[in-house]
1. Given the structure, is residue 61 more than 18 Å from residue 165 (Cβ to Cβ), part of a helix (DSSP H, G or I) and at pLDDT below 95?
2. Being closer than 24 Å to residue 161 by Cβ and under 15 Å from the mean Cα position of the chain (by Cα) narrows it down to one residue among 81, 86; which is it?
3. Give region 93-113 a look and list any residue that's under 28 Å from residue 133 (Cβ atoms) and more than 14 Å from the chain's Cα centre (by Cα), or say none.
4. I'd like the full set of residues that are touching a strand residue (DSSP E or B) at 6+ places or on another chain (Cβ under 7 Å) and touching a residue at least 60 places away in the same chain (Cβ under 8 Å), limited to region 19-31.
5. Looking at region 139-159 only, could you name the residues that are in contact with a strand residue (DSSP E or B) (Cβ under 9 Å, 6 or more places away or on another chain) and touching a residue at least 60 places away in the same chain (Cβ under 8 Å)?
6. Go through (1) in a loop (DSSP other than H, G, I, E, B); (2) within 11 Å of the chain's Cα centre (by Cα) and name the single condition residue 4 misses.
7. For region 151-163, name all the residues that are under 18 Å from the mean Cα position of the chain (by Cα), surrounded by fewer than 18 Cβ atoms within 10 Å (Cβ to Cβ) and assigned to a helix (DSSP H, G or I).
């Protein structure tokens, strides 16, 4: 099974993913950003592949979908994916494609207020107009209108509470 943890930057995706990984034997954290890094490191600086958000590169979406299908077919444990996806087309190209191939996917959105997200980003040193901060409104809007799967409100929850809720909703034993 694949457990996709979505949410705005600062919502707690990566923290939750690694806490789940720590508490679920045989689980594995897969980071789709590594594919973006690979594409950028293996293309010339003048390439269109160096510009903008790597999620806009069709190859990034294809590689992640295929890699996750391969992992799910060859790994017996849980695959945990902490990644923000707000574009419905991209969601369908990755998550819906994986589901359509017969692989079970549980998808949750870690959701927090704008004030909470800003506070969390401040605490990790992302002050000013960082890329993550610039995405907050876009993410909140997308999770309110475009990708509206199961939300887990994280404003007043500890990481243990968030992880416990994900496990409960996914029928996982911690």
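The values are calculated or read from the model by the stated rules, or taken from the named source; none is laboratory data. Treat the numbers as computed from the prediction; the structure is a model and nothing was measured. Quick reminder, even Gly has a Cβ in these numbers, built from the backbone with ideal geometry, and neighbours come from all protein chains shown.
1. Considered against the rule, which asks whether it is more than 18 Å from residue 165 (Cβ to Cβ), part of a helix (DSSP H, G or I) and at pLDDT below 95, residue 61 comes out as no.
2. 81
3. Matches in region 93-113: 93, 112, 113.
4. Selection gives 20 alone.
5. Those that are in contact with a strand residue (DSSP E or B) (Cβ under 9 Å, 6 or more places away or on another chain) and touching a residue at least 60 places away in the same chain (Cβ under 8 Å): 139, 140, 143, 147, 149, 154.
6. For residue 4, the failing item is (1).
7. 159, the sole residue that qualifies.
For every residue, the table says whether it meets (1) touching a residue at least 60 places away in the same chain (Cβ under 8 Å); (2) out of contact with any helix residue (DSSP H, G or I) (no Cβ under 9 Å at 6 or more places or on another chain); (3) more than 18 Å from residue 23 (Cβ to Cβ).
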| site | (1), (2), (3) |
| --- | --- |
| 99 | no, yes, yes |
| 115 | no, yes, yes |
| 120 | yes, yes, yes |
| 127 | no, no, yes |
| 130 | no, no, yes |
| 137 | no, no, yes |
| 161 | no, yes, no |
| 168 | no, yes, no |
